[in-house]
1. Where does the charge balance sit around Ser53 when Lys and Arg score +1, Asp and Glu -1, over other residues with C-beta under 13 Å from its C-beta?
2. Within the chain, what whole-number % of the accessible surface is contributed by carbon and sulfur, with the 1.4 Å probe and all protein chains included in the calculation?
3. Just to check I understand the Karplus step: with θ = phi - 60° and J = 6.51 cos²θ - 1.76 cosθ + 1.60, what whole-Hz values come out for region 101-114, glycine and proline as x?
4. Calculate, for the chain, the solvent-accessible area per residue in square angstrom, rolling a 1.4 angstrom probe over the heavy atoms of the protein chains.
5. Summing Lys, Arg as +1 and Asp, Glu as -1, what charge do residues with Cβ under 14 Å from the Cβ of Gly15 carry, Gly15 excluded?
6. Quick check: net charge around Arg38, other residues with Cβ under 10 Å of its Cβ, Lys/Arg +1 and Asp/Glu -1?
7. Using +1 at the Cβ of each Lys and Arg and -1 at the Cβ of each Asp and Glu in region 50-105, identify which of Ala60, Asn83, Tyr93 lies farthest towards the dipole's positive end.
8. Across the Cα atoms of the chain, what radius of gyration and what greatest pairwise Cα-Cα distance (Dmax) are found, in Å?
Amino acid sequence: QVQLVESGGGLVQAGGSLELSCAVSGSIFSINAMGWYRQAPGKQRELVAKITSYGMTHYADSVKGRFTISRDNGKNTVYLQMNSLKPEDSAVYYCTVRVDYVDYWGQGTQVTVSS
């Protein structure tokens, strides 16, 4: 079974940076896409960034220019570099991967940005 393990969350001051990582393991023939979602208390879950198998990326307008999604196919790992963090970025961040058109989710990692 496909499993995702996230790491890299934590507490950072506004303007700081964090890098999240998500390692995917299990029976994988083809990864269609990988991405990051986040959900803050009282807020809807939102897509932060995604990257397709052929390298196309998409970002939420709120993070464009600040966040960068990347992947290491050899390690089956996706990263989210977060720069110029703002308090409104505080949320639980969830990694997701689409394997053979089935979505799998990580356990979530807390990102807290203090003002």
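1. On the way: positive: Lys50, Arg71, Arg98; negative: Asp100.
Around Ser53, the charge tally is +2.
2. Carbon and sulfur atoms account for 47 percent of the accessible area of the chain.
3. Using θ = phi - 60°, the values come out as 6, 10, 8, 10, 10, x, 7, x, 9, 7, 10, 10, 10, 8 Hz.
4. Heavy-atom accessible area per residue stands at 55 Å².
5. Net local charge, Gly15 excluded: 0.
6. Net charge around Arg38: 0.
7. About the Cα centre, the residue reaching furthest to the positive side is Asn83.
8. 13.5, 43
The values are calculated or read from the model by the stated rules, or taken from the named source; none is laboratory data. Bear in mind that the values here come from a model prediction, so they are computed numbers and not experimental data. Every residue, glycine as well, gets a Cβ built from its backbone with ideal geometry; the counts of neighbours run over all protein chains shown. These area figures cover heavy atoms from the full protein model, side chains too; ligands, DNA and RNA do not enter into them. Shrake-Rupley method; radii C 1.70, N 1.55, O 1.52, S 1.80 Å.
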